Amino acid sequence: KAELDFKNAEEDWAVHIQHLEAPGPGTSGMKAELRAKKARIAERFPATGTSRGYAKGGVPVPTVGVGFDPGPAQGAPNDNDVAFAHDKVVSVVNTRIRISDTNGDLLSSLTLAGFAQPLALPSGKFDPKIVFDPIADKYVFVFINGSTWETSHIVVAFSQTNDPEGDWNLYAMNGNPLGNETWSDYPVIGISNEELFIGINTFENGSTNNSGFVETCLWQIGLSEGYAGMPLTTAYYSDILEGTKEIFNICPIQGGLETYGPEQYLLASRSHDEQNDTIFMLHITGNLADPNLELEVTPLTTPEDYFVPVTAPQPGGHMFDSGDNRVLGGLYQNGTIQWVQNTTDTVTGTSAILHGTITDVTSNPAISTQLLSDPILHYGYPNIACTGAVELDEQAIITFNFTGDSVNPGMSAIYYTTAGDYSEVMTLKEGDGPVNLFPEIEERWGDYSGTQLIYDDRGHIWAAGSYGKSNGAHGTWVTELFSPD
């Protein structure tokens, strides 16, 4: 454990090495298998120019407030997340944390290496995630250190106050807690009223492009100890499906209009299957002080199959790696879970967004799904935030990235009503050019995007996604959105 004074942190040089001659993607391992699956899906469901259509019902689009790019791109993939409180926007990306005011003016910034400097950890820092805790009025910031079991740590930081430019308590958690020579990757975080949850994937040394995957595990961590700088109380869940085919990636489901607890819901899919119809609902039954604490797993069947997303085109011949179909974000409101993930629309033949709901979560869970797609554009890497006004109001705004053969990559949003209708898709930021960082034609699109409700101003969210810059780099677009209701 260490402490950081953010505003007075030692200046770091912001060194970033971009391997322009990276090894060709997909030559071995899970990445190669995923590319083959995408090729088969593209052959089975070619682009048709036909629209699927879904209920829009004259619903208005979200209202847009401020939008800005918080700073220069740092690398690929362009992993975006965002948190907001007290007129400060905290945006994180590989490999930097940036704090701006509500006009988009940059207040302060640190690389992940500079932020973690008091912990004196070797190796690279990546995959940042951040969340604002409305009960404690503080922030939690998580990222990964190292890609071998010898160097693997999860950096977990808790702000001491509600000012992200103030003091932080930093913890370096063991990335190989089972002592099985694996390292931790891709944290997905969420908070309950009392605790922090971190889903991670574990890999063997030498793993690239998701080769060498071992299992997905879950941390449960007390928040109050972290805010106070005390030793952390934790639980660690592994072998979650007890030796059966492993799930890949666990996504904690955030509260919609407020946090909930002491229990916590999480979702996982068969995210590397070419085609599947199973969503796993995980339930942590209580807090760390509960002697009967359990992790319950309920498999649920979707009404139609989901697929790996096909590779997404850009202008000029370069393509985007659209990733897999893992659950990327979700919310829990009024006894209902909503979630979003990537998929392929078999009607349009384009990469698309699957928006799912699980009703009667605590008694008789039932799933429904809707594909959000376009006959020309490809959609990817969504997230979702609740924009309701009262408990029964399950409306939401979904934000996501888009791209096309003749459309530069950018960021969009769609509004969803409690009645189950959708607005038209709204463009938030059009790209200035295609992303072109590597000699290969396949570029990284980004592994995730971020959204957050403004808890003391319901119907108001901040979101962060990607767009293409004129110099071929990734740009981050941070924007303020309001419910049209």
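The values are calculated or read from the model by the stated rules, or taken from the named source; none is laboratory data. None of these values were measured; they are calculated from a predicted model. Please note: Cβ atoms are built from the backbone with ideal geometry, for glycine as well, and neighbour counts cover all protein chains shown. For the accessible areas, the whole protein counts, side chains as well, though only heavy atoms, and no ligand, DNA or RNA atoms are used. Shrake-Rupley method; radii C 1.70, N 1.55, O 1.52, S 1.80 Å.
Values as computed for the structure displayed
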item: Sites residue 301 and residue 64 - FRET efficiency at Förster radius 41 Å, r taken between beta-carbons, to 0.05; result: 0.65
item: Nearest-0.05 FRET efficiency for residue 47 and residue 7, computed from C-beta distance (R0 60 Å); result: 0.75
item: From phi via Karplus (6.51, -1.76, 1.60), per-residue ³J(HN,Hα) for segment 403-413 in Hz, x at Gly/Pro; result: 7, x, 4, 10, 10, 5, x, x, 10, 10, 8
item: Range of Cα positions in segment 28-162 per principal axis (Å), largest first; result: 53, 47, 30
item: Euclidean distance of C-alpha centroids, segment 127-194 and segment 97-123, integer Å; result: 14
item: Modelled label reach - residue 108, point 7 Å along Cα→Cβ, segment 143-184 residues with backbone N closer than 16 Å; result: 157-170
item: Spacing of the two label points (7 Å from each Cα toward its C-beta) at residue 162 and residue 347, in nm; result: 4.6
item: Exceeding the 25 Å Cα-Cα cut-off - candidates 37/245; 7/129; 88/129; 56/469; 56/88; 37/469; result: 56/469; 56/88; 37/469
item: Whole-Hz couplings from phi, Karplus 6.51/-1.76/1.60, listed for segment 433-448; x for Gly and Pro; result: x, x, 7, 8, 9, 10, x, 5, 7, 9, 9, 7, 8, x, 9, 5
item: Where N is the number of residues in segment 300-427, Cα Rg divided by 2.2 N^0.38 Å; result: 1.07
item: Spread of Cα-to-Cα distances over 5 Å intervals beginning at zero, given as percent, for segment 118-261; result: 2, 10, 19, 23, 20, 13, 8, 4, 0, 0
item: For segment 384-485, the Rg and Dmax computed from alpha carbons only, in angstrom; result: 15.3, 51
item: Paramagnetic label zone (point 7 Å from Cα along Cα-to-C-beta, residue 56; backbone N under 14 Å) in segment 369-386; result: 372-377
item: Rg/Rh for segment 248-334, where both radii come from Cα atoms and Rh is the Kirkwood radius; result: 1.10
item: ³J(HN,Hα), Karplus 6.51/-1.76/1.60, whole Hz, each residue of segment 161-174, x for Gly, Pro; result: 9, 8, 9, x, 8, x, 8, 10, 9, 10, 10, 9, 8, 4
item: Segment 39-103: relative contact order as a whole-number percent, Cα under 8 Å and 6+ apart; result: 22
item: Estimated dipole of the chain in Debye, rounded to 20 [Cβ of Lys and Arg +1, of Asp and Glu -1, Cα centre]; result: 960
item: Given charges at Cβ of Lys, Arg, Asp, Glu: segment 216-364 dipole, positive-most of 351, 315, 280; result: 315
item: Share of carbon and sulfur in the accessible heavy-atom surface of segment 67-215 [1.4 Å probe, %]; result: 46
item: Calculated log₁₀ intensity ratio I(q)/I(0) where the Debye formula runs over C-alpha points of segment 90-133, q = 0.19, 0.23, 0.24 Å⁻¹; result: -0.62, -0.84, -0.88
item: DSSP-assigned coil residues among GluC sites (Glu not before Pro) in segment 415-485, each with at most 16 further Cβ atoms within 10 Å; result: 424, 430, 440
item: Square roots of five times the Cα gyration tensor eigenvalues for segment 130-210, Å; result: 27, 12, 10
item: Label-to-label distance, nm, for residues given as residue 471 and residue 441 (7 Å Cα→Cβ offset); result: 2.7
item: Area projected by the alpha carbon convex hull of the chain, averaged over all directions, nm²; result: 20.3
item: Debye intensity ratio I(q)/I(0), log10, segment 201-254, q values 0.13 Å⁻¹ (C-alpha model); result: -0.47
item: Largest to smallest principal axis extent of the C-alpha atoms in segment 311-375, angstrom; result: 50, 21, 15
item: Backbone N under 18 Å from the residue 432 label point (7 Å along Cα→Cβ), restricted to segment 74-104; result: 74-76, 78, 104
item: Cα-centred dipole magnitude for segment 356-478, charges only on beta-carbon of K, R (+1) and D, E (-1), debye, nearest 20; result: 220
item: Surrounding net charge for residue 284, when Lys and Arg each add one and Asp and Glu each subtract one, Cβ distance under 9 Å; result: -4
item: Modelled FRET efficiency - R0 25 Å, residue 290 with residue 135, Cβ distances, 0.05 increments; result: 0.85
item: Cα centre as origin, Lys/Arg/Asp/Glu Cβ charges: segment 326-423 dipole, Debye; result: 240
